[in-house]
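Here is the structure we will look at.
Bear in mind that the values in this text are calculations on the coordinates, not laboratory data. Fair warning: this is a prediction, and the values are worked out from it, not measured in the lab. Methodologically, a virtual Cβ is constructed for each residue, glycine included, from the backbone with ideal geometry; neighbour enumeration extends over all protein chains shown.
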Amino acid sequence: MSVIILGLMLLSLTIWLGLLCFWGQFWRTDQQLEVTQTQLESLPVVCAVVPARNEAELIPITLRSLLLQDYPGSFNVFLVDDRSTDRTANFAEGVAYAVGKPQQLHIISGESLPPSWSGKLWSVEQGIKSASKLAPDYFLLTDADIEHDPGNLRRLVAKAVQEDLDLVSVMVRLRCESFWEKLLIPAFVFFFQKLYPFRWVNNPKNPTAAAAGGSILIAREALERIGGIQVIRQALIDDCALAQSVKSIRRVGDWESGIHTNSSFPSTPSSPSSSPTGRIWLGLSTLTRSLRPYDSLATIWDMVARTAYTQLNYSPLLLLGTLVGMPLIYLAPPVCMILGAVWSNWAIALTGLLGWLLMTFAYYPTIRFYKCSVWFALSLPAIAFLYTLMTLDSALRHWQGRGGAWKGRVYPSSDNF
């Protein structure tokens, strides 16, 4: 038995060494938007599209932050009211008048949700269609719960223009105030970075693609090039699907192969500042933040379970691999350390301790980024166990036909709605 346990622990330790040395330095937090130089020789036209469904509580703060961006170029906000019942549109209009920029805000009453569309993407599609009349160089796709730093748009545009990027996205700073948020939210970011190492995402030669839906700047020509939002209309993890569509164009080669012919955009002159390249960038933001509260285990559980099985492509085999792999990688080190100490088997105990220290080392930069106690870094095994249960629950919800629930709607968790 001791030989088997030691073998499993050595395997876990090897995996952690491999992750730390060869997995895109996912554990680092150095890919940050705020380090961008913001000098702009040209000022591209930008239109923000904000899907909003029953967001009256947050919209006075978040919309105000959008309208007060310090971007010196042309900037308009298109808020799509997705059939709200809490007077979201009225609050939004009041905010625009309060900050003296009613002409900058365009409120669109959302149409009924058609088949095979998610509610959010249908709202985004309507917003883009209206905004396209202004022939913007870029669209800023953002959520109604995001409070933007005044310089966020300026930095996004500068990043896109200076590095010739089709898509720039930031993982905004998620709310981390309650105990459950401090315990589980930094880990959400950590696991996301492990799935999509930011350095790999930002490398045009690497096929890994991802984005964070809270703040995405995308070139209009790039969106036309992939066929518009409609090509991902069924995606529940829409941000990563959009990034994958944009980046894959670069690998396919000549875009004139016909991919762009399905675009419903009006024909407008191209802008040199938004010339398509297929290159994308994803990083962290220290200033722009999400106001969405996840102050209980249940709210975080539902947030993860909504799409965790989708992330596994609804594959029972990948689910089984997750249920086996997560305990091996995260639970084995502390369990083996304790068993080794009880059995006085110091080879097992020390190997387990080394594995636990390695995962703590990997998690600590994220904990420090969120200004949480170092003790939360030591809690990663327990956190990973909870996320494993959330993933299992996500699969159970899918099999029961309850997957993808959000904002009062339940979307079928399948490739085709």
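Points worth noting:
- Theoretical FRET efficiency, 1/(1+(r/R0)^6), r = Cβ-Cβ of Arg402 and Ser112, R0 22 Å, to 0.05: 0.45
- 19 Å reach of a label modelled at Ile4, 7 Å along Cα-to-Cβ, counting backbone N of the range 290-325: 324-325
- Separation of alpha-carbon centers, the range 284-317 and the range 77-123, rounded to whole Å: 24
- Build a GNM of the chain with springs between Cα atoms under 10 Å apart, and of Asn345, Asn54, Asn152 the one that fluctuates most is Asn345.
- Crossing angle, helix 332-343 versus the chain [Cα axis fit, 0-90 degrees, rounded to tens]: 20
- Among the listed values (1) 21.0, 65; (2) 21.5, 82; (3) 22.4, 74, the one matching Rg and Dmax of the Cα atoms in Å as calculated from this structure is (3).
- Shown for the range 33-290: lysine pairs separated by 8 or more places, or found on different chains, whose C-alpha atoms are under 28 Å apart, numbering 21.
- In the chain, the calculated helix contribution to ellipticity at 222 nm averages -14500 deg cm²/dmol per residue, counting -39,500 (n - 2.57) for every DSSP H run with n ≥ 4.
- Full-stretch length increase - Cys21, Gln104 - with 0.36 nm per residue and alpha-carbon distance subtracted: 25.1 nm
- Inter-centroid distance (Cα atoms) of the range 152-212 relative to the range 333-353, Å: 37
- Take every DSSP beta bridge whose two residues both sit in the range 33-290; close to 30 percent of them are antiparallel.
- Between the Cα long axis of helix 2-22 and the first principal axis of the chain there is an angle of about 30°, rounded to the nearest 10.
- Applying 1/(1 + (r/R0)^6) with r as the Cβ-Cβ distance of Val35 and Leu195 and R0 = 25 angstrom yields a FRET efficiency of 0.60.
- FRET efficiency, 1/(1 + (r/R0)^6) with R0 25 Å, evaluated for Leu323 and Trp343 via beta carbons: 0.40
- Normalised by 2.2 N^0.38 Å, where N counts its residues, the alpha-carbon radius of gyration of the range 114-237 equals 1.14.
- Note on the chain: GNM, Cα springs under 10 Å; of Pro102, Pro197, Pro60, the largest mean-square fluctuation is that of Pro102.
- Distant-in-sequence amide H partners of Val50 (H built 1.01 Å from N, under 5 Å): Phe78, Leu79, Val80
- Here's the list of aspartates and glutamates a cross-link from Lys371 could span, going by alpha-carbon distance under 16 Å and ignoring same-chain residues fewer than 8 apart: Asp30, Glu177, Glu181.
- Cα-based radius of gyration of the range 1-158 once divided by 2.2 N^0.38 Å, which approximates compact folds: 1.45
- Seen against the Cα atoms of the chain and their longest principal axis, helix 238-252 is set at about 80 degrees.
- Between Lys133 and Lys371, full extension at 0.36 nm per residue minus the direct alpha carbon distance yields a gain of 81.3 nm.
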